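All of the numbers you see were taken from the coordinates with simple rules; none came from a lab. The structure displayed is predicted, hence computed values, not measured ones. Quick reminder, even Gly has a Cβ in these numbers, built from the backbone with ideal geometry, and neighbours come from all protein chains shown.
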Amino acid sequence: MRRLGWQSQHRGAREKRGLSSQPTRCYRLLQTVAGGNFGRYATRLESTLQSTATAFFGENVMNAPTSVIGTAAATEANAFLSLANGDRLDIEAIRQHVPVRRCKHAAGQGVYHAGQPFLALYLVHSGSYKTCELADDGREQVTGFRMRGSLMGTESIGLKNYSCDVIALEDSEAWELPYPAILRACLHLPELQAYITGALAAEVRSDRSWMLMLGTLAAERRVAAFLLDVAARYAHLGYSAKHFILRMSRIDMASFLALKHETVSRALSRLHDLHLISVQRREVQVLDVDGLRALAGSGLVLN
């Protein structure tokens, strides 16, 4: 009763100040803040803001029409997406031709799974994902890692169903681009067509380079090449290439490099002892870039 009285008293005060019609507008402002550049904390922050707004305004603003709240519209900060090659893609321009949906995924949540109907491509907006397939013996085989600006689903183009699983490695967000509608949008957006074509070509080059590496290099050289690849990706995204966090587990890394979990751990320890890197759990600091490149082999072209 005391709580109801408190809410009633504050609701009356708000009506006197002319605020009773503003909950959705205020929540949209809060949602814009939560959906900005807070990365992995955006979902948690948005949930906290929603609870705060609900308690203050005495109603659930999430029940308001989406046209009022604007959940489907991108904020100004999200109007452009930085790609892995340094270019920027105009999401609003794409939305004029096809519906674009923001999809948030918690760590461990799947984006799609092998066998599901192939209906869309996914453009990574924040966070990171892994692609994996089931081996003949039932083991999960990691086939790649995707970061901001990467296009997911290209491996299934030409098929009726997705050919692999995509799992979030952390709290992440991707843009859903319906297929084949996105191909029709390419007729009006040459930059979009260039991006999709470039993504397909980059995936072919990357697969070929990794196949060469896995077939010719020893364990320590594979791990060194993998760290250089991750460092290059972070550099393209504007982050430090010498100090970063590995979002994947040792088990996922071992699966991708066709090594055992213990072998990857020993290789990292060996690189640490050689003063090429400093590693603390998933935190990696590159101490000798040239030495790491010499160990990995300078002829590899990774992505």
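Tabulated results
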{"quantity": "³J(HN,Hα), Karplus 6.51/-1.76/1.60, whole Hz, each residue of the range 279-292, x for Gly, Pro", "calculated": "10, 10, 6, 9, 8, 10, 10, 7, 9, 9, 5, 5, x, 5"}
{"quantity": "Ranked list, fewest to most other Cβ atoms within 10 Å of each Cβ, for Ile245, Ile196", "calculated": "Ile245, Ile196"}
{"quantity": "Pairs of alpha carbons in the range 76-200 whose separation is greater than 26 Å (percent)", "calculated": "17 percent"}
{"quantity": "Nitroxide proxy distance, nm - points 7 Å out along Cα→Cβ at Gln109 and Leu134", "calculated": "2.3 nm"}
{"quantity": "Proxy reagent accessibility, fewest Cβ within 10 Å first, across Cys186, Cys132", "calculated": "Cys186, Cys132"}
{"quantity": "Rough spin-label spacing in nm, given labels placed 7 Å along Cα→Cβ, for Arg282 and Lys160", "calculated": "3.8 nm"}
{"quantity": "Taking Ser172, Ser249, Ser126 and counting other C-beta atoms within 10 Å, the order from fewest to most", "calculated": "Ser249, Ser126, Ser172"}
{"quantity": "Label-point separation, Leu187 to His97 (7 Å along Cα→Cβ), nm", "calculated": "0.9 nm"}
